[in-house]
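Undergrad: The structure under discussion is supplied below as structure tokens; questions concerning it will follow.
The values are calculated or read from the model by the stated rules, or taken from the named source; none is laboratory data. Bear in mind the structure is a predicted one, so any value in this text is a computation, not a measurement. Cβ: placed from backbone, ideal geometry, glycine included. Neighbour counts: every protein chain shown. To get the accessible areas, we keep the full protein, side chains included, count just its heavy atoms, and leave off ligands, DNA and RNA. Shrake-Rupley method; radii C 1.70, N 1.55, O 1.52, S 1.80 Å.
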Amino acid sequence: MVHSEAVIEQALNTLQEQGVTLTCLTESVLAVPKFKDYDMVQEFTQNITEVLEQLDSSALTSNVVKAWTKQQALHCYRSQITILTNKATGFHFTARKTTESKIREFEINETAEQFRLLAPDVWDLIKSLLSSDEILMKWKFTWYKTKTKKTSVKKDGDGDITMQDITEPISSNTMATLVSHNDDDYTNFSEDGAPIIDADDDEPENMEEQEKM
């Protein structure tokens, strides 16, 4: 609800007369438990996103908010990367102690899942950066369309059958899934989006063998 300037001015004057600053008011209503049940406080907390957007867009506070947000993000990423680099995570790799059996036991999916659990915000950051790769996203869309393509079969008056490929539109939820999907699922597509023949399905290089097919 947006009030008139006169009402806001009156409220500000009342606070000023009582010696209550906006900083003090905000800190108090959030810190003192008995204030949480006030309708005004509940309305404020429910609309905190709008408040943050206002702080971010206002010329009075924008620079400070952006700098603070950046510092908070950097602190978060540093903390999570510190956890990832801890020896206890098992991510440390010593070449001279590596054996063939250890290499064969390595599971990239398990490592990725552990990464995601230990450093969820760093994981989301990397995922977001990868999603900005247009070529990678093109591969993923091609993969999605190929996997979800349906065929419509119709008969005309003469009994002739016509078939038409139908691809469902990509929703926002599907977009998020594509961005976060394991890239191993897209390795069967070339740079232009065309499917690559698997090694087992490829034609034999020997001409005599090809003639037998």
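Undergrad: Any idea which of Ile8, Thr69, Pro33 is furthest toward the positive side of the dipole for the stretch 1-80, if Lys and Arg beta-carbons carry +1 and Asp and Glu beta-carbons -1?
TA: After comparing all options, I get Thr69.
Undergrad: Next up: According to the square roots a ≥ b ≥ c of the eigenvalues of the Cα gyration tensor, what is the shape class of the stretch 28-84, taking rounded for a/c under 1.5, prolate for a/b larger than b/c otherwise, and oblate for the remainder? Don't skip to the end; give the middle numbers.
TA: Working: a/c = 3.12, a/b = 1.49, b/c = 2.09.
The shape class here is oblate.
Undergrad: How do Ser4, Ser131, Ser62 rank by accessible surface area computed with a 1.4 Å probe, from largest to smallest?
TA: On the way: Ser4 65, Ser131 40, Ser62 20 Å².
From most accessible down to least: Ser4, Ser131, Ser62.
Undergrad: Right, something else. Leaving ligands, DNA and RNA out of it, rank Ile8, Ile103 by accessible area with a 1.4 Å probe, largest first.
TA: Details: Ile8 80, Ile103 110 Å².
Putting Ile8, Ile103 in descending order of accessible area: Ile103, Ile8.
Undergrad: Keeping all protein chains in place, calculate the accessible area per residue for the stretch 83-132 (probe 1.4 angstrom), answer in Å².
TA: On the way: 4090 Å² over 50 residues.
For the stretch 83-132, the solvent-accessible area averages 82 Å² per residue.
Undergrad: Still on this structure: Between their Cα atoms, which of Lys87/Lys138; Lys36/Lys70; Lys66/Lys87; Lys36/Lys66 are more than 31 Å away from each other?
TA: Correct reply: Lys87/Lys138; Lys66/Lys87.
Undergrad: Right, something else. Can you put Arg104, Arg116, Arg78 in order of accessible area, largest first, using a 1.4 Å probe? Please report the intermediate quantities before stating the final value.
TA: Values: Arg104 175, Arg116 90, Arg78 135 Å².
From most accessible down to least: Arg104, Arg78, Arg116.
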